[in-house]
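S.K.: Have a look at this one before I ask anything.
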Amino acid sequence: MVKEFNLGDIVQTKKTHPCGSNNWEIIRVGADIKIKCMGCGRIIMMPRSKFEKVAKKIVRNSQGDNNDSVDI
């Protein structure tokens, strides 16, 4: 299964961040993915393979599709 993430997507993770939020905005895409916490603004970078394991679903597409949430 190909998992495609775009710049600006809001992704929900399986575990919550210590600030209480589990929504992250993708701010860099490549071999590594940089994400920003929507709750506190913390920015982290992780390998794409690890990110694909922790990502639960895409809450909002950056392209403005009508899908409210997409399970991955």
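Bear in mind these aren't lab numbers, they're just calculated from the coordinates by the rules spelled out. Please read these numbers as outputs of a predicted model, since none were measured by experiment. Backbone-built Cβ (ideal geometry, glycine too); neighbour counts: all protein chains shown.
S.K.: Could you please report the charge total around Phe5, scoring K, R as +1 and D, E as -1 over all other residues with beta-carbon less than 9 angstrom from its beta-carbon?
M.R.: -1
S.K.: Using the 10 angstrom Cβ neighbour count as an exposure proxy, how do Glu25, Glu52, Glu4 rank, fewest first?
M.R.: Glu4, Glu52, Glu25
S.K.: What number comes out for the charge environment of Cys19, summing +1 per Lys or Arg and -1 per Asp or Glu over other residues with Cβ under 15 Å away?
M.R.: So the surrounding residues net to +2.
S.K.: A follow-up question, please. Mean shadow of segment 1-63, computed from the convex hull of its alpha carbons, in nm²?
M.R.: Directional mean of the projected Cα hull area for segment 1-63 stands at 3.9 nm².
S.K.: So, one more: Per-residue counts of other Cβ atoms within 10 Å, averaged by peptide: what ranking do you get for 12-19, 28-35, highest first?
M.R.: Peptide ranking by packing, descending: 28-35, 12-19.
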